[in-house]
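Before any comments, here is the structure.
The values are calculated or read from the model by the stated rules, or taken from the named source; none is laboratory data. Not measured: the values here are computed from a predicted model. Every residue, glycine among them, receives a Cβ derived from its backbone with ideal geometry; neighbour counts consider all protein chains shown. Accessible surface is based on the protein model in full, side chains and every heavy atom, while ligands, DNA and RNA are left aside. Shrake-Rupley method; radii C 1.70, N 1.55, O 1.52, S 1.80 Å.
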Amino acid sequence: MKIKVITLFPAMVETVLEESLLGKARAKGILSIDVVNLRDFTEGRHQVADDYPYGGGAGMVLKPEPIFRTVESLKKELPDARVIYLSPQGERFDHEMAQSLAADTRPQIFLCGRYEGIDERARVALVDREISIGDYVLNGGELAALVVIEAAARFVPGVLGDDRSADQDSFSDGLLDYPHFTRPPDFEGMKVPEVLLSGNHENIRVWRRKEALRATWLKRPELLTRMEQEGRLSAEDMRFLREISGTDA
Ligand code: 6GU
């Protein structure tokens with residue numbers, strides 16, 4: 001993925017992107033992510049990026065000129081780039097969107113709003129896609145951009161390392177994840193399920209599938225409804241679900 005992040009708070013974004021798997025993937029060149037300071041495209045001694053909203057009311061609005069200048073300057077270098085604006089008014093981000101962003105070969109410019117948002121003329125003229133990470137309001141798009149970038153980057157080959165893959169995660173098969181255990185086998189009387197110690201791969205597969213179905217049935221039943229409608233539950237799944245729902249989980 002080739003990404004530019006436009007923000008008034010570059011340090012907030014950069015510190016997160018330097019760490020952990022994202023930092024390593026950037027160092028290896030698997031991910032190219034540059035943070036661009038919107039302030040660098042403001043004018044005058046005070047480098048003002050925001051202004052009062054026409055019509056009155058609380059808060060400030062990001063001025064159009066610096067946003068146009070920043071995006072136009074990036075697009076000169078990357079003419080096929082897509083501009084993604086992070087805002088609570090956007091399409092709701094999910095697993096499928098993360099996967100499709102990761103598969104998009106075009107450069108992606110993430111534009112982080114602040115305060116009450118950006119001037120509508122910049123949004124209409126420059127933005128290709130508006131994304132929200134959920135129904136609540138953040139102080140700006142920075143944390144949302146980081147959420148979107150991290151979730152998408154997990155689908156880029158090499159980001160998770162050799163022996164891991166995002167298609168083993170929760171949601172990849174439409175279900176929540178099954179529980180995980182590591183040593184010791186008995187921690188203060190709390191034991192690891194016997195089947196996981198058995199080495200019987202078929203029994204382990206069945207246990208994990210049942211536990212994934214049980215977790216989903218208990219915590220996110222609407223996901224099962226959707227999977228059933230999409231024909232993504234096997235005859236075995238349906239049998240497991242009857243077992244689970246008949247036994248108070
Ligand atoms: Cl993308 N931005 C802001 N400011 N708040 C949000 C959001 C985005 N997604 C949910 N809340």
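For the reader, a short list of remarks on this structure follows.
- Per the conditions (1) under 18 Å from Lys63 (Cα atoms); (2) open to solvent by 10 Å² or more (accessible area, probe 1.4 Å); (3) touching a Ser or Thr at 6+ places or on another chain (Cβ under 9 Å); (4) at pLDDT 95 or above, the sole criterion not satisfied by Phe93 is (1).
- Residue match in the stretch 113-127 (condition: in the same structural domain as Arg39 (by TED's automatic domain parsing), assigned to a strand (DSSP E or B) and in contact (Cβ under 8 Å) with a residue 12 or more places away in the chain): yes
- Filter result for the condition that a residue is of a type in the set (D, E, K, R) and modelled with pLDDT of 95 or more, over Glu116, Glu130: Glu130
- Considering residues of the stretch 139-158 that are part of a loop (DSSP other than H, G, I, E, B) and open to solvent by less than 60 Å² (accessible area, probe 1.4 Å) only, the residue farthest from Arg26 (Cα to Cα): Gly141
- The number of residues in the stretch 230-249 being over 12 Å from Gly174 (Cα atoms) and open to solvent by 70 Å² or more (accessible area, probe 1.4 Å) comes to 6.
- Among the residues examined, Leu196 does not qualify as surrounded by 13 or more Cβ atoms within 10 Å (Cβ to Cβ) and assigned to a loop (DSSP other than H, G, I, E, B).
- Residue satisfying condition, being of a type in the set (Gly, Ala, Ser) and touching a Ser or Thr at 6+ places or on another chain (Cβ under 6 Å), within set Gly113, Gly59, Gly55: Gly113
- Gly161 meets the conditions (1) of a type outside the set (Ser, Thr, Tyr); (2) out of contact with any Ser or Thr (no Cβ under 8 Å at 6 or more places or on another chain); (3) touching a residue at least 60 places away in the same chain (Cβ under 8 Å); (4) surrounded by 15 or more Cβ atoms within 10 Å (Cβ to Cβ) in every case but one. The failed one is (4).
- Single residue of the stretch 167-189 satisfying the filter (open to solvent by less than 50 Å² (accessible area, probe 1.4 Å) and free of Cβ contacts under 8 Å to residues at least 24 places away in the same chain) that is farthest from Leu21 (Cα to Cα): Ser170
- In the stretch 101-153, the qualifying residues are those that are farther than 15 Å from Ile67 by Cα and among the basic types (Lys, Arg), and the one that is nearest to the ligand (Cβ to nearest atom) is Arg129.
- Qualifying position, being free of Cβ contacts under 8 Å to residues at least 24 places away in the same chain and in contact with a Lys or Arg (Cβ under 8 Å, 6 or more places away or on another chain), among Asp51, Asp34: Asp51
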